[in-house]
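The values are calculated or read from the model by the stated rules, or taken from the named source; none is laboratory data. Remember, it's a predicted structure, so these values are computed and weren't measured experimentally. Cβ placement follows ideal geometry from the backbone for every residue including glycine, while neighbour counts extend to all protein chains displayed. Note: accessible area is taken over every heavy atom of the protein model, side chains too, but ligands, DNA and RNA are not part of it. Shrake-Rupley method; radii C 1.70, N 1.55, O 1.52, S 1.80 Å.
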Amino acid sequence: MAFRRRTPGAARRRIPGRVSLLVAVGAATLSVGLSIGVAIAPASTPADIARSTGTGTVPVSSQQFADGRQLSLAVAPGAQRTLAFPREGRVTAMSCVGGGELASGSSAVSVNDEALILLATGQPLWRDLAVGDKGPDVSALQAELARLGHDVVADGTLGRGSLSAVRALAKGLGHQSADWQTVPADLFVWLPAPVVTAVSCDAQVGDQVTVGDPLATLTRAVASATVQAIPAETVPGERVIAVDDATIPVDANGAVVAEESLRILADTPSYRSALGGGQGQGQQDAGGQDGAVTVSVDFRLAEPVATLVVPPAALYAIEQEDACILSGGTPHAVRLIGSQLGKTFVQLVAPATVTRVDLGVRGAPACR
């Protein structure tokens with residue numbers, strides 16, 4: 001049998017097509033694999049992140065911590081409040097408007113062409129006062145004069161200085177008061193708070209009025225008010241509630257107890273709004289038992305406490321409110337006060353100066 005001789009070039013030309021395809025695919029796969037490997041290779045961790053997750057130290061800051069919490073105040077409305085005319089006569093001027101504010105030290109009505117003076121005192125003026133008179137009504141008058149900016153000391157005795165302050169107040173409202181030797185009680189309209197809102201004005205120019213006739217109707221009084229659902233983990237200490245621009249003390253149970261505080265609460269915009277547009281009638285059926293309404297308040301410490309702000313990673317040996325921090329290798333016992341937005345507020349148990357804390361606390365020595 002004769003054999004035909006094959007040349008190397010001929011052999012190369014006879015490589016099957018499917019083998020060529022496999023080689024091409026393999027090369028492409030290798031190229032793609034290298035590209036993917038480069039793409040998914042982990043990048044180096046930024047230096048600041050590396051430091052925060054490892055050992056080292058970080059600075060701490062000092063901050064006043066009030067432990068403020070947005071809670072609900074259940075308010076039980078009381079009786080409707082009114083302002084009354086202190087003297088009889090003809091109404092000759094009236095600037096009171098429904099929905100408007102009435103402020104202590106001003107006037108909104110005149111009777112027989114004499115301006116009646118609005119005055120918020122702890123006790124209403126019930127008698128004419130002469131120099132030398134003493135009593136709680138005198139103290140209340142002096143305290144309000146001082147609040148209005150007059151140079152008066154509330155010592156409970158009406159002196160020449162107190163009488164001069166009353167004269168100055170009256171003169172500013174148009175009275176010819178330079179020769180007053182007494183404080184005429186029938187020229188003063190008692191206000192239950194320094195600023196009140198008139199739901200309605202109940203007289204008009206030309207009316208003939210007598211003592212005790214209604215001058216204006218105010219928002220309803222507050223019978224009681226108590227903060228609801230106080231969290232158990234609140235920081236111990238005396239507490240207040242912030243309602244609009246008013247700061248009002250509460251007792252250990254979150255109740256507003258002082259009569260003056262209840263009067264201040266009654267004249268806040270939030271309470272008037274909760275009553276239903278400040279119309280004085282309230283939402284008797286919407287607020288729950290006895291027509292109670294709800295007001296949102298900031299429940300916080302009366303006096304904020306000084307704290308150190310540390311990252312959570314700096315704490316170790318945590319047991320309820322107790323923990324430890326490490327500063328320059330020295331352990332310090334701290335009390336946990338609170339936390340907000342990733343910050344932890346602590347107080348040092350023993351006096352010390354701590355400006356930085358260590359993050360590497362594994363195996364740190366005991367602090368107690």
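Worth a mention:
- Compared with the direct C-alpha span, the chain from Arg368 to Val205 gains 51.0 nm at full extension, assuming 0.36 nm per residue.
- Based on the Stokes-Einstein relation at 20 °C and a viscosity of 1.002 mPa s, and on the Kirkwood radius from alpha carbon pairs, region 158-220 is assigned a translational diffusion coefficient of 152 µm²/s.
- Global form of region 88-241, assessed from the alpha-carbon gyration tensor, a/c cut-off 1.5: oblate
- Over region 111-155, the alpha carbon radius of gyration divided by the compact-protein estimate 2.2 N^0.38 Å works out to 1.22.
- In Å², nearest 10: area of Val257 left accessible to a 1.4 Å probe: 100
- Overall dimensions of region 197-236, expressed as equivalent-ellipsoid semi-axes from the Cα gyration tensor (√(5λ), whole Å, largest first), are 44, 9, 7.
- Loop-located trypsin sites (Lys or Arg not before Pro) in region 322-362, at most 14 other Cβ atoms within 10 Å (DSSP): Arg362
- Sites matching GluC sites (Glu not before Pro) across region 85-118 that sit in DSSP coil, with at most 14 neighbouring C-beta atoms within 10 Å: Glu88
- Over region 116-200, the pair-distance histogram of Cα-Cα distances with 10 Å bins from zero comes to 18, 56, 22, 3 percent, rounded to whole numbers.
- Rounded Å value of the spacing that divides the Cα centres of region 175-215 and region 298-368: 58
- On region 115-255, 52 percent of the accessible area sits on carbon and sulfur atoms, based on a 1.4 Å probe.
- A crude spin-label estimate for the pair Thr157 and Asp251, with each label 7 Å from Cα along the Cβ direction, gives 3.6 nm.
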